[in-house]
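A quick write-up on the structure given underneath.
Where a number appears in this text, it was derived from the coordinates with a stated rule and is not lab data. All figures in this text were calculated on a predicted structure; none of them were measured in a lab. Positions of Cβ are backbone-derived with ideal geometry, glycine not excepted, and every protein chain shown enters the neighbour counts.
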Amino acid sequence: MINLNRHETKPAVFKHLFMALLGAATLFAAGCSTEERDENDGTIINAILLPTDVVLNLHCADVGIHPETCVLDDPENPFATTTILEFDVNDPDATNKFDLFNSIPAGPTGAKARFYFWATALARRGSGENQFYTALALHELFDANSNVLSKDELVRAQALKAYQSVLDNFFGSVTVFTCCPGASPVGEPVAFSVPLNELTADNLYRTDATGFLRLIEGDPLLMQEQLLEWGYSYQPANPPNYDDGVVSVNGG
C-alpha cells in the first residue's frame, strides 16, 4: 500500500477519514493481475494497474462533466469496476473515497489516475466535491502535458468545463478539511468547510493556488472576464490566507 500524506490540510468528511487501511477496500479490475504486469506498464494499487502517462483520451465530449457518465464505459478507466464508498452519515466509518485517493502516487505519474478516480466517483454520485476534484485533476493533466512550446488545448478546455460545472451545478457545495489539532482542547484535528465556488475561482485566478499552469493565461482580469461569460463575478481573495474570495451569481 502507498500511503501519501501530501498536505498538512487534507480533504475530509470526518476526523477519522484517513485511518482506514487501503487493504480493507475492494479493488478489483477485470482482466488485470500482477502476474501479467510489465515493468513499464504503470503503477499497481492492489489489483488495479494505474496509468502513469499524462496523455488523456477523452472517451466522450463531456467526460468528467456532470451529469455525463461515459467514463464508466471507458476501457482505459482503471476504476470502472472499483467500489468507491462515499460518506454516509448513518455509517461514517464505511467510506473509502479519500483513502483510495490518497493512495494514488503523487505528482504527474498519478495525475491521469486521479482524473479517472474522481470522474468515476462523479459518475456514480453527482456532487460538488467529486466535480471539483475532477476539474483539479484535469488541471493537473493540462499542466503535466504542456510546456513552453505547446499546450494541451483539449484538456485545457475540458478542465475549464469541469470548473464551470462546479459553479453551474454545485454552486453552494463545500468540501471539508481537517487541520490544526493544537487548536482543539483535546488535541484532535479540527474540521472546517470551504465553499467550492471560492476554491474554483481561486484555482483559476492564482497560479499559486494549485502550482499548475493557469488555464486562462495573461492578466488575471481575463479570468474574471471568463467568469462573467459564465454568469458569475469574483472578488479575489487576499493574502496571506486567500480565504476571503467571494463568487457571486450575476443577475439577469
Would you mind getting me the FRET efficiency between Val249 and Leu72? Use the beta-carbon distance for r and R0 = 35 Å, nearest 0.05.
0.65
If R0 is 22 Å, what FRET efficiency do you get for Glu225 and Asp53 from their C-beta distance, rounded to 0.05?
0.05
Using Cβ contacts closer than 10 Å as the measure, can you line up Lys97, Lys112 from fewest to most?
Lys97, Lys112
Just grab the label-to-label distance for Asn169 and Ser233, each label 7 Å out from Cα along the Cβ direction, in nm (one decimal).
2.8 nm
Let me check against my output: what whole-number percent is the relative contact order of region 94-205, with C-alpha pairs under 8 Å and at least 6 apart?
20 percent
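Arrange the following residues from fewest to most other Cβ atoms within 10 Å of their Cβ: Cys180, Cys70.
Details: Cys180 12, Cys70 17.
Final ranking by Cβ density, sparse to dense: Cys180, Cys70.
If you take the beta carbon distance between Val194 and Lys151 as r and set R0 to 25 Å, what does 1/(1 + (r/R0)^6) give as a FRET efficiency, to the nearest 0.05?
Details: r = 29 Å, r/R0 = 1.15.
For R0 = 25 Å, the calculated efficiency reads 0.30.
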Under-5 Å amide H pairs with Tyr232, H placed in peptide plane, nonlocal only:
Asn250
Under 12 Å between alpha carbons, and skipping anything fewer than 8 positions from Lys151 in its own chain: which aspartates and glutamates qualify?
Asp143, Glu217
Starting from the Cα of Arg125, step 7 Å along the direction of its Cβ; do the same at Ala183; then give the gap between the two resulting points in nm.
2.5 nm
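Sort Glu229, Glu198 so the one with the fewest other Cβ atoms within 10 Å of its own Cβ comes first.
Working: Glu229 8, Glu198 18.
The most exposed by this proxy come first: Glu229, Glu198.
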